Amino acid sequence: MELAEDWLVESLRLYQDFHAFDLSSATRVLEWIGDKGVFVAGSESLKKNEILHLMLPLRLSVKENQGLFPERDFKVCHGGFSDRSVFDLKHVPDTRLLVTSGLPGCYLQVWQVAEDSGVSDSEELSSLQVLDADTFAFCCASGRLGLVDTRQKWAPSERGSPGPGGGRWCAEVRGGAQDPGPNIASLCSDGQLCLLDPRDLCSPVSSVQCPVSTPSPDPELLRVTWAPGLDRCLAISGFDGTVQVHDVTSWDGIEGQIEPLFTHRGHIFLDGDGTGPAPLVTTHTWHPRKPRTLLSAASDASLHVWDWVDLRAPR
C-alpha cells in the first residue's frame, strides 16, 4: 500500500488528466468514433459479450481547463450483445458500420444497428488496419506483414514470417504519414520491436529490444500504436500492467535495448488491495486530438484515460 500511496502523490506531477472507469468485463478493443467516443467489447468465452459506445468525460472535450463539469465520468450512449467473444473491432469511418472478429471460428462480423453478417476467413490475423478507401494493412500472428490495394488483383506487398520460434507479432502503420521512411512498427511477444519502411518490408530499418521483464503472458493482447498527434512516438502494451511510451526519433539503424519516454503504471497501483496478481493491460489507444492523452484497459476490467507529462519539455 505504501508504494501505491507514493505513486498517487507522484501522479499529481506526472498527469495532466486521469480518469478511471470500471467495465462489466475486460475488453481487448478500444476503437474511436470521432474524438469524443470510443467502442469497447467483452472478450470472454462461453457467454454473451457487450459491445458499448462510450462517451469520454466532458472535461476532455474542451481545449482548456475550465474548472468543474457536471459530467466527469464516462457515459454509455449505445450498447448491444455479441454471441462471440470480440478480440478486434474496427469502425468504418463516416459510417455506422463496425467490423468485429473473435472466437470461436475464423469469422469477420459486420454490424449496422441490429443487423450483422459474417464472412469466413482462414488467416489468423493479429491486426488489421484500414489506411484509406482503397488500401489496408494486415499482420499475421506469425509476423507476416502485407499492404493491399483493393483496386488491384490480390498481390500484396509483404514481408514473410521472420522464421520459426519468433513468437507472436502485431503491427501498425503510422496514419497520415506523408514522409518516406520507417512508418510501420512491428512488435513481437518477446519484446522485439522493428521499424520498417513500406517501400521495403523485407529489411527492418531498426530492431530494438523493449524493456520487458518476461515475454508476454498472453501474446494475443500485444498492441503497438503510433501517436497521431506527436512526431515519431508510439506506445506498446500486453506484457504486464503497464503501457510504455517510446520516442523512435533516434532509433534509425540501431539495435539493442531502449528505454521508454514514459510508463503508465496506474493499473498496477490502483488494483484493489494489491495482494493478488497484477492485472494485465489488454489494450490501449491514443486520443485522436489530444497529443499526450491515451486510454488503456486491463484484465481487472479497469479503464483509464490519462494525459502524461513529457518531463523533457521546458517547464
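The values are calculated or read from the model by the stated rules, or taken from the named source; none is laboratory data. If you're wondering where the values come from, they're calculated on a predicted model, not measured in any experiment. Neighbour counts are summed over all protein chains in view; Cβ atoms, including those assigned to glycine, are modelled from backbone coordinates with ideal geometry.
Couple of notes before you dig in:
- Looking across segment 217-255, just one residue is of a type in the set (K, R) and within 21 Å of V29 (Cα to Cα), and that is R223.
- Scanning segment 133-152 for residues that are touching an Asp or Glu at 6+ places or on another chain (Cβ under 6 Å) and small (G, A, S) yields A141, G146.
- Residue in segment 151-165 that is nearest to D132 (Cα to Cα), counting only those that are surrounded by 10 or more Cβ atoms within 10 Å (Cβ to Cβ) and modelled with pLDDT of 70 or more: Q152
- Residues in segment 191-207 that are part of a loop (DSSP other than H, G, I, E, B), surrounded by 19 or more Cβ atoms within 10 Å (Cβ to Cβ) and either free of Cβ contacts under 8 Å to residues at least 40 places away in the same chain or not aliphatic (A, V, I, L, M) (or both): 2 in all.
- Pair list, Cβ under 8 Å, 6 or more apart: segment 243-266 residue in a strand (DSSP E or B), other residue of a type in the set (D, E, K, R): D247/R232; F262/D310
- The residue of segment 294-304 that is nearest to P219 (Cα to Cα), among those that are surrounded by fewer than 23 Cβ atoms within 10 Å (Cβ to Cβ) and in contact with a Gly (Cβ under 9 Å, 6 or more places away or on another chain), is S299.
- Pairs where the first residue, in segment 293-312, is over 21 Å from F239 (Cβ atoms) and the second is among the acidic types (D, E), C-beta under 6 Å, 6+ apart: T293/D307; D307/D17
- Residue in segment 297-314 that is outside any strand (DSSP E or B), out of contact with any Leu (no Cβ under 6 Å at 6 or more places or on another chain) and within 18 Å of L187 (Cα to Cα) present: no
- Top-ranked residue of segment 6-40 - restricted to ones that are hydroxyl-bearing (S, T, Y) and farther than 21 Å from L222 by Cα, ranked as surrounded by the fewest Cβ atoms within 10 Å (Cβ to Cβ): S24
- Condition check for V62 on (1) modelled with pLDDT under 80; (2) touching a strand residue (DSSP E or B) at 6+ places or on another chain (Cβ under 8 Å): one failure, at (2).
- Qualifying residue in segment 208-220 (condition: within 21 Å of E172 (Cβ to Cβ), in contact (Cβ under 8 Å) with a residue 40 or more places away in the chain and among the aliphatic types (A, V, I, L, M)): yes
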